[in-house]
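All remarks here apply to the structure that follows.
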Amino acid sequence: MLNVIELLKSFNSKVGDPVYNPDADLNSDNIINMNDVILIAMHFNKSSCDYVNIKDIAEAIENATNALLFLKACYEINCC
């Protein structure tokens, strides 16, 4: 419920406004608006156990990117 209160305090603000709170900008679009309210509504009554760990996703993306770069380098060595 604290998230809702913090969001409401800075609702309709953007980066640079005195009431803008980056912690209330749930989708990180530099504006606190209905999109952030919808995110709270979609996840209302869930716990942190219900969420995906963003660090795990970032690590998986990095690993996939490194694998693709490796394959690209192997292809270039063998083809050129």
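Annotations
- When the stretch 42-60 is filtered for residues that are surrounded by 10 or more Cβ atoms within 10 Å (Cβ to Cβ) and not charged (D, E, K, R), the ones remaining, listed by number, are 43, 44, 57, 58, 60.
- Among the residues making up the stretch 13-42, those that are more than 18 Å from residue 54 (Cβ to Cβ), among the polar types (S, T, N, Q) and in contact with a helix residue (DSSP H, G or I) (Cβ under 9 Å, 6 or more places away or on another chain) are 13, 21, 30.
- Filter result for residue 26 (at negative phi and in contact (Cβ under 8 Å) with a residue 12 or more places away in the chain): yes
- Selection count where residues are among the hydroxyl-bearing types (Ser, Thr, Tyr), within 15 Å of the chain's Cα centre (by Cα) and within 18 Å of residue 5 (Cα to Cα), scope the stretch 29-80: 0
- Here residue 65 fulfils each of the conditions (1) among the β-branched types (Val, Ile, Thr); (2) more than 25 Å from residue 11 (Cβ to Cβ); (3) in the same structural domain as residue 4 (by TED's automatic domain parsing) apart from (3).
The values are calculated or read from the model by the stated rules, or taken from the named source; none is laboratory data. All values derive from a computational prediction rather than experimental measurement. Neighbour counts are summed over all protein chains in view; Cβ atoms, including those assigned to glycine, are modelled from backbone coordinates with ideal geometry.
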